[in-house]
């Protein structure tokens, strides 16, 4: 019923939003004598803030029309090359000469945890110059008709395996945050089966492999509430007129409320500053605010079965690190991974995925050779900075690129000069010290 009330409220505010937009345009019109006055700017700013805080944000665009390859600007065409009801595989096809050597194929598995894949726009943009990039484009569950069936964690793992096989031999998988668990499970299954199409490399970034280690507020909420609370309070049916009417979901607007409540004072301050920037005519600062919140406020629904299974498996029962996780009734065994090189990345200040949670993957992959394992902790970044921003571009992405090229199928084992070299490494040194000595991965004992 709460979802229906949300939709009713959104519909009821539609005329007011339209009026606010008309008012904003009127008080910014060069033909309005009040447009240049303090009163006019204040009214226009107030109308825009109201309209933006009450609208529903649709799925953003990647908006990556070009990239630079070998010093030349080349066009990019977005193409869906594989599709299932809950996901499409999006290829960023670069207009390159036919005789140019192929770049490593990279499959970026985006989080299915509320935001759209476009949250990783910066990740994609940084990889495009030297890689053939694909990304999982997850579909909003409220847009999938009930007749198309359900989607749970087992289906997620199946999707990942199918996409890896679709891309063929030598693909490199990058899992950002939540997908780290299903990606590790998918590669474990492929390696146990001796699948020749298992990935060349697997990069896990800020992922909750073992949430017993350094539990964060997110982990504690799941533990304190328990499964019953989530089933009773956050699962709702999609209302008419959405295509997925009657499907049970965890609604995007509830997720957004949870995201924002974690840093509510910061968001309130940001909107206050936005209002002042509009009055002052600081267009650059105002545009940065629009760009960020156009992405941040665009959210999608998750299916009930996927959400609850993830809560139980990852955050409550810790099935993967305790050796109890199953896929289609079959035990998931990361110790079977022997061919896929593993690189883990964490942020020093990450308050979503605690320190050591992603590194735990190295302990689970007990039979993977030392030269096929590396860990990196980026100083001075939180969760978002692990996969986006200046430090990602300067420090993290070059290390991922070097790792991929070092372990490309059929490539020489020596590292390229593209990034600092390391073996089974955890390096927390700043990138200003490219010769930092590697250290063994940090092993943090789980907390009870």
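Coordinate-derived values only; no laboratory data. Everything quoted here is computed from the prediction, not taken from an experiment. Virtual Cβ from ideal backbone geometry, glycine too; neighbours counted across all protein chains shown.
At the listed q of 0.22, 0.24, 0.29, 0.30 Å⁻¹, the Debye profile of the range 111-166, built from one uniform point per Cα, gives log10 I(q)/I(0) equal to -1.04, -1.13, -1.25, -1.26.
Shown for 52, 406: other C-beta atoms within 10 Å of each C-beta, ranked fewest to most, produce the order 52, 406. Note on the range 199-225 and the range 78-94: Cα centroid distance 27 Å, given to the nearest whole angstrom.
Between residue 31 and residue 162, the simple spin-label model (points 7 angstrom out along Cα→Cβ) gives 5.4 nm. Counting every other Cβ atom within 10 Å of each residue's Cβ, 22, 221 order from fewest to most as 22, 221. Both numbers refer to the Cα atoms of the range 1-82; Rg and Dmax are 20.1, 56 Å.
Looking at the range 287-380 only, what percent of DSSP beta bridges run antiparallel? Nearest 5 please.
Numbers: 2 of 8 bridges.
Antiparallel: roughly 25 percent of the beta bridges in the range 287-380.
Among 46, 385, 329, the largest mean-square fluctuation in a Gaussian network model of the chain, built with springs joining Cα atoms closer than 10 Å, belongs to 329. Distance between the modelled labels on residue 233 and residue 349, one decimal in nanometres: 3.0 nm (7 Å Cα→Cβ projection).
Its Kirkwood hydrodynamic radius, worked out from the mean inverse distance over all distinct Cα pairs, puts the range 297-345 at 13.1 Å. When you count the other C-beta atoms within 10 angstrom of each residue and take the mean per peptide, 163-169, 287-293 line up highest first as 163-169, 287-293. Where only DSSP H runs of four or more residues are counted, the chain gives -11000 deg cm²/dmol as its mean residue ellipticity at 222 nm, each run worth -39500 (n - 2.57).
With everything on Cα atoms, drop me the angle between helix 14-26 and the longest principal axis of the chain, reported from 0 to 90° to the nearest 10. Around 80 degrees separate the two axes. The gain in end-to-end length when the residue 18 to residue 287 segment is fully stretched comes to 94.7 nm, 0.36 nm per residue minus the alpha carbon separation.
What percent antiparallel are the DSSP beta bridges of the chain, to the nearest 5? If I count the DSSP bridges inside the chain, around 50 percent turn out antiparallel.
Hey, what angle do you get for helix 397-406 against the long axis of the chain, alpha-carbon based, 0 to 90 degrees rounded to 10? So the inclination is approximately 30 degrees. Its Cα gyration tensor gives the range 41-127 an equivalent ellipsoid, and the semi-axes of that ellipsoid, as √(5λ) in whole Å with the largest first, are 34, 19, 10.
What is the Cα centroid distance between the range 357-387 and the range 1-48, reported in whole angstrom? Between the Cα centre of the range 357-387 and that of the range 1-48, the gap is 47 Å.
Kirkwood analysis of the Cα pair distances in the range 249-324 returns a hydrodynamic radius of 15.0 Å.
Taking other C-beta atoms within 10 angstrom as a stand-in for reagent exposure, 82, 138, 403, 229 fall in the order 229, 82, 138, 403, fewest first.
Of all the options 353, 303, 77, the one that moves most in a Gaussian network model of the chain with Cα springs shorter than 10 angstrom is 77. Taking a ≥ b ≥ c as the square roots of the Cα gyration tensor eigenvalues, with a/c under 1.5 meaning rounded and otherwise prolate when a/b beats b/c, else oblate, which class fits the range 259-299? Here the range 259-299 falls in the oblate category.
Ranked by the mean number of other Cβ atoms within 10 Å of their residues, highest first, the peptides 197-206, 128-137 come out as 197-206, 128-137. Per residue, the average separation of C-alpha pairs within less than 8 Å and at least 6 apart gives the chain a relative contact order of 17 percent.
Counting only DSSP beta bridges with both residues in the range 1-155, the antiparallel share comes to about 80 percent.
Between helix 38-54 and the chain, what is the angle of the helix's C-alpha long axis to the longest principal axis, kept within 0 to 90° and rounded to the nearest 10? Its long axis makes an angle of about 50 degrees.
Per residue, the convex hull spanned by the Cα atoms of the range 1-159 measures out at 184 cubic angstrom. Three semi-axes describe the equivalent ellipsoid of the range 283-323; taken as square roots of 5 times the Cα gyration tensor eigenvalues and ordered largest first, they are 37, 13, 5 Å. Between residue 55 and residue 95, the contour length at 0.36 nm per residue exceeds the alpha carbon distance by 10.7 nm.
Peptide packing for 214-220, 268-274 was compared via the average number of neighbouring C-beta atoms within 10 Å per residue; ordered from the highest value, the list is 214-220, 268-274.
Note on the chain: GNM, Cα springs under 10 Å; of 195, 99, 319, the largest mean-square fluctuation is that of 99. Return the whole-Å distance between the Cα centroid of the range 342-356 and the Cα centroid of the range 171-198. Each part reduced to its Cα centre gives a spacing of 19 Å.
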